[in-house]
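Working notes, beginning with the structure itself.
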Amino acid sequence: MKIAMNQGTTLENSTLELDLQLLEKYGYDFIEIRSIDKLKEYLETHSINELVEFFQTHHLKPLSLNALVYFNNRTEEEYKALLEEYKEMLEYAKILNIARIVVVPLVSEKKILRSIIKQSCVEVLTELSDLAKPYGVKLALEFIGHPHATVNTLSFANEIVAEVDRENVGIVFDTYQYYAMNSTLEDLKNTDFSKVFLFHINDVEDYMPGIMLDEDRVYPGDGVIDLDSILTIVKEKGFSDHASIEVFRPEYYQLDAEAVVKTAKEKTLKVLAPHFLTEEVK
Ligand code: ZN
């Protein structure tokens, strides 16, 4: 199992340039790059070629671009703007040799019928899939474990991806998103793991599902998610590609990014160790 970090983890106390240095220093294999802010900020003072060169000359590699946000059930005008952003992401993915783009469903307080959500998701993902094909890029749908997210359970994400039925369209399985809206181990057992393109690992404080937020996430092993049972299933399903640490905790943003990067890896390895071989515990 390779180890990755999503840049959300050091969102407010680091930069892409610093994340690259720290993740390399602490022996991470992958970084999930935030195209929506961190890459843009980096490109204000660096060229894209510097980033290409970094990845060519270091162990650390890019795992994904994050994220195309609120892709479904948009107005015509919003969708047009979304496609422009998406095309730019595809170009970056090509230059940087990134194989996955995360796509995030609409979050809205507006009530939308399930059938209307599904129809839009399937239509949009099919179009995005066509556009991604020449780039060799895969799309990973991340269900968001919040009542207002239009796709907020593992089973609904699986259902949509099965309906799209494209080789380059799959899901993100994020342990927080899974827990936050009561997805179940049964749902995980029913998941087609050939469609799990990204695995986000984290934990959360003991709030009731439905009210917890991203900021309540904690390092793996420090919260109440049954990671042990989840990892048992992940292993049984034959998934052993990577685990990507993703927390968004304001408390951690108060620390030095280096301390967060170091602790995140130690805690994650400890949780993974009973189930997976990692570089450190071979
Ligand atoms: Zn995630």
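The values are calculated or read from the model by the stated rules, or taken from the named source; none is laboratory data. Everything quoted here is computed from the prediction, not taken from an experiment. Here the Cβ is made from the backbone with ideal geometry for all residues, glycine too, and neighbour counts use every protein chain on show. Keep in mind that these areas ignore ligands, DNA and RNA; they rest on the heavy atoms of the full protein, side chains included. Shrake-Rupley method; radii C 1.70, N 1.55, O 1.52, S 1.80 Å.
Here is a check on your reading of the model: is Leu269 within 18 Å of the chain's Cα centre (by Cα) and away from the ligand (no atom under 16 Å from the Cβ)? Spelling it out, it is not the case that Leu269 is within 18 Å of the chain's Cα centre (by Cα) and away from the ligand (no atom under 16 Å from the Cβ).
Within segment 125-139, is there a residue that is among the polar types (S, T, N, Q), in contact with a Leu (Cβ under 7 Å, 6 or more places away or on another chain) and outside any loop (DSSP other than H, G, I, E, B)? Checked against the condition, which is being among the polar types (S, T, N, Q), in contact with a Leu (Cβ under 7 Å, 6 or more places away or on another chain) and outside any loop (DSSP other than H, G, I, E, B), segment 125-139 yields at least one hit.
Might you check whether a residue that is among the hydroxyl-bearing types (Ser, Thr, Tyr) and either surrounded by 17 or more Cβ atoms within 10 Å (Cβ to Cβ) or at pLDDT below 95 (or both) occurs anywhere in segment 71-78? Scanning segment 71-78 turns up no residue that is among the hydroxyl-bearing types (Ser, Thr, Tyr) and either surrounded by 17 or more Cβ atoms within 10 Å (Cβ to Cβ) or at pLDDT below 95 (or both).
For segment 1-58, a residue qualifies if it is in contact (Cβ under 8 Å) with a residue 40 or more places away in the chain, of a type in the set (A, V, I, L, M), open to solvent by less than 10 Å² (accessible area, probe 1.4 Å) and within 16 Å of the ligand (Cβ to nearest atom), and the qualifying residues are Ile3, Ala4, Met5, Ile33.
If you filter segment 172-215 down to residues that are of a type in the set (Asp, Glu) and open to solvent by 70 Å² or more (accessible area, probe 1.4 Å), you find that the one that is farthest from Asp241 (Cα to Cα) is Asp206. The residues listed here are Lys195, Lys237; of these, the one that is more than 15 Å from the ligand (Cβ to nearest atom), in contact with a Lys or Arg (Cβ under 9 Å, 6 or more places away or on another chain) and under 25 Å from Ala162 (Cβ atoms) is Lys237.
Filter segment 152-171 for residues that are in contact with a Lys or Arg (Cβ under 9 Å, 6 or more places away or on another chain) and not in a helix (DSSP H, G or I); which is most open to solvent (accessible area, probe 1.4 Å)? Selected residue: Glu167.
Of all residues in segment 172-192, those satisfying the criterion of being within 16 Å of the ligand (Cβ to nearest atom), assigned to a loop (DSSP other than H, G, I, E, B) and of a type outside the set (Gly, Ala, Ser) are Met181, Thr191.
Restricting segment 129-150 to residues that are within 13 Å of the ligand (Cβ to nearest atom) and within 15 Å of the chain's Cα centre (by Cα) leaves a set whose member that is nearest to Phe197 (Cα to Cα) is Ala140.
Take Glu246 and decide whether it is closer than 23 Å to Val107 by Cα, of a type outside the set (A, V, I, L, M) and open to solvent by 60 Å² or more (accessible area, probe 1.4 Å). It is false that Glu246 is closer than 23 Å to Val107 by Cα, of a type outside the set (A, V, I, L, M) and open to solvent by 60 Å² or more (accessible area, probe 1.4 Å). The numbered conditions (1) open to solvent by 10 Å² or more (accessible area, probe 1.4 Å); (2) of a type in the set (A, V, I, L, M, F, W, C); (3) touching a residue at least 40 places away in the same chain (Cβ under 8 Å) are all true for Val234 except (1).
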